[in-house]
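A short write-up of the structure that comes next.
The values are calculated or read from the model by the stated rules, or taken from the named source; none is laboratory data. This is a predicted model, so every value here is computed, not measured. Quick reminder, even Gly has a Cβ in these numbers, built from the backbone with ideal geometry, and neighbours come from all protein chains shown.
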Amino acid sequence: MSVESTLPDWYPEGVVYDPTIAPDAYGPANARTLQCFSELSTSSNIVDVAGGYGRYAVPLAEAGYTVTLLDIDEAHLDQAELNALSLPEGAGSIKPIKRDVLKDDLSDFEPFDASLCTGFIYLAPEDVVQDLFAKMVSLTKPGGPVVIEFATDRIRRQTSDATSKSLIGRNETLYSYEQGLDLLRSLYKMIGGAVFSRSSVRLNQPYYLRSTVITAKGYAL
Ligand SMILES: C[S@@+](CC[C@H](N)C(=O)[O-])C[C@H]1O[C@@H](n2cnc3c(N)ncnc32)[C@H](O)[C@@H]1O
């Protein structure tokens, strides 16, 4: 079964990930999001949910953490594996594992010290966001940070090259900044110490979009 046939119709992105065309398709890691983990000791282990090729797992492992990266797509996992092998000496580690984080039961994992989900769940309708948030909380030890990056106000730009089109999902969900923040607030009020920060992001090939990203952090109970 191809990975495309297992993906929901609100999800377009990543299916066409090709490291030879756009190796850094999702742009640089966001400093605000990385900052959320700075309180953890370097012996901590972090689960990166739908972690892709390791945009966050790489800097987190470089900072000394042990990162378990869950993703459904072989192309992303292959690149994550290569990135894991290229970590400098003395770094932590990245363990890429193939899992469908929406459909699979993830309760076989021992709880992690922290969890992260970026570049993914804001494409989904609210009920799916709620379910994944609950899974992330269950994957995280009490007192551990649960971090979500949520892109809102996504605006596709005109490309200078007329043959290039912005990659967009047929039924992807578009949250305004206010809608995204309301949803995150309603979720994070179920756990402790929620903080939200805001940043602007601009992506080139193959997305050609700009967005206002909310980084949400709270602590599992
Ligand atoms: C846009 S990428 C973002 C990757 C990474 N989190 C980042 O911020 O760079 C979205 C990722 O979600 C993965 N994905 C999509 N559906 C998934 C699912 N049901 N289970 C696990 N991963 C999934 C894709 O394969 C892709 O790697």
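Filter region 34-46 for residues that are polar (S, T, N, Q) and under 18 Å from T66 (Cβ atoms) and give the result. Can you show your working first?
First, pick out the residues of region 34-46 that are polar (S, T, N, Q): 35, 38, 41-45.
Those that are polar (S, T, N, Q) and under 18 Å from T66 (Cβ atoms): S38, S41, T42, S43, S44, N45.
So in region 190-209, with the set limited to residues that are touching a residue at least 24 places away in the same chain (Cβ under 8 Å) and surrounded by 16 or more Cβ atoms within 10 Å (Cβ to Cβ), which one is nearest to P142 (Cα to Cα)?
The selected residue is I191.
What tally of residues in region 114-158 results from selecting those that are farther than 16 Å from Y56 by Cα and part of a loop (DSSP other than H, G, I, E, B)? It would help to see each step written out before you state the result.
Filtering region 114-158 down to residues farther than 16 Å from Y56 by Cα leaves 122-144, 152-158.
Within this subset, residues satisfying the condition of being part of a loop (DSSP other than H, G, I, E, B) are 124-125, 139, 141-144, 157-158.
Qualifying residue count, region 114-158: 9.
Return a yes/no flag: does region 99-111 have any residue that is assigned to a helix (DSSP H, G or I), out of contact with any helix residue (DSSP H, G or I) (no Cβ under 9 Å at 6 or more places or on another chain) and surrounded by fewer than 16 Cβ atoms within 10 Å (Cβ to Cβ). Spell out the reasoning first.
We begin by selecting, within region 99-111, every residue assigned to a helix (DSSP H, G or I); these are none.
The answer is no, given that none of the residues of region 99-111 is assigned to a helix (DSSP H, G or I), out of contact with any helix residue (DSSP H, G or I) (no Cβ under 9 Å at 6 or more places or on another chain) and surrounded by fewer than 16 Cβ atoms within 10 Å (Cβ to Cβ).
Of all residues in region 63-78, how many are within 10 Å of the ligand (Cβ to nearest atom) and either polar (S, T, N, Q) or surrounded by fewer than 18 Cβ atoms within 10 Å (Cβ to Cβ) (or both)? Steps first, please.
Of region 63-78, the ones within 10 Å of the ligand (Cβ to nearest atom) are 69-77.
Filter once more, keeping what is either polar (S, T, N, Q) or surrounded by fewer than 18 Cβ atoms within 10 Å (Cβ to Cβ) (or both): 74-75.
Within region 63-78, residues that are within 10 Å of the ligand (Cβ to nearest atom) and either polar (S, T, N, Q) or surrounded by fewer than 18 Cβ atoms within 10 Å (Cβ to Cβ) (or both) number 2.
Please give the number of the condition N45 fails out of (1) under 20 Å from V195 (Cα atoms); (2) of a type outside the set (A, V, I, L, M); (3) away from the ligand (no atom under 14 Å from the Cβ).
It is condition (1) that N45 fails.
Out of the residues in region 79-102 that are in contact (Cβ under 8 Å) with a residue 40 or more places away in the chain and of a type outside the set (S, T, N, Q), state the one that is nearest to V49 (Cα to Cα). Walk me through how you get there before you give the answer.
Going through region 79-102, the residues in contact (Cβ under 8 Å) with a residue 40 or more places away in the chain turn out to be 79, 92, 94, 96, 100-102.
In the following step, the residues that additionally are of a type outside the set (S, T, N, Q) were identified as 92, 94, 96, 100-102.
Working: G92: 18, I94: 13, P96: 10, D100: 10, V101: 7, L102: 10 Å.
The residue in question is V101.
Do the conditions hold for A31, that is, is it within 9 Å of the ligand (Cβ to nearest atom) and either under 25 Å from L174 (Cα atoms) or touching a residue at least 12 places away in the same chain (Cβ under 8 Å) (or both)?
Values: within 9 Å of the ligand (Cβ to nearest atom): no; either under 25 Å from L174 (Cα atoms) or touching a residue at least 12 places away in the same chain (Cβ under 8 Å) (or both): yes.
Spelling it out, it is not the case that A31 is within 9 Å of the ligand (Cβ to nearest atom) and either under 25 Å from L174 (Cα atoms) or touching a residue at least 12 places away in the same chain (Cβ under 8 Å) (or both).
Which ones in region 48-62 are more than 12 Å from the ligand (Cβ to nearest atom) and either closer than 13 Å to V147 by Cβ or touching a Gly at 6+ places or on another chain (Cβ under 7 Å) (or both)?
A61, the sole residue that qualifies.
Taking the options G27, G64, G51, G92, name whichever one is in contact with a His (Cβ under 9 Å, 6 or more places away or on another chain) and of a type in the set (G, A, S).
Exactly one residue qualifies, and that residue is G51.
Looking for whichever is under 25 Å from K217 (Cβ atoms) and more than 10 Å from the ligand (Cβ to nearest atom) here; the options are E126, E81, E89. Which one fits? I'd like the intermediate steps shown before the answer.
Numbers: E81 fails: under 25 Å from K217 (Cβ atoms); E89 fails: under 25 Å from K217 (Cβ atoms).
It is E126.
For region 7-28, what are the residues that are under 14 Å from the mean Cα position of the chain (by Cα) and buried (at least 18 other Cβ atoms within 10 Å of the Cβ)?
Selection gives Y11, E13, G14, A25, Y26.
Just checking, does region 203-216 include any residue being closer than 24 Å to V47 by Cβ, at pLDDT 95 or above, outside any helix (DSSP H, G or I) and not hydrophobic (A, V, I, L, M, F, W, C)?
yes
Could you tell me which numbered condition K135 fails, if it satisfies all but one of (1) among the basic types (K, R); (2) buried (at least 16 other Cβ atoms within 10 Å of the Cβ); (3) over 23 Å from A25 (Cα atoms); (4) within 9 Å of the ligand (Cβ to nearest atom)?
Unmet for K135, out of (1) among the basic types (K, R); (2) buried (at least 16 other Cβ atoms within 10 Å of the Cβ); (3) over 23 Å from A25 (Cα atoms); (4) within 9 Å of the ligand (Cβ to nearest atom): (4).
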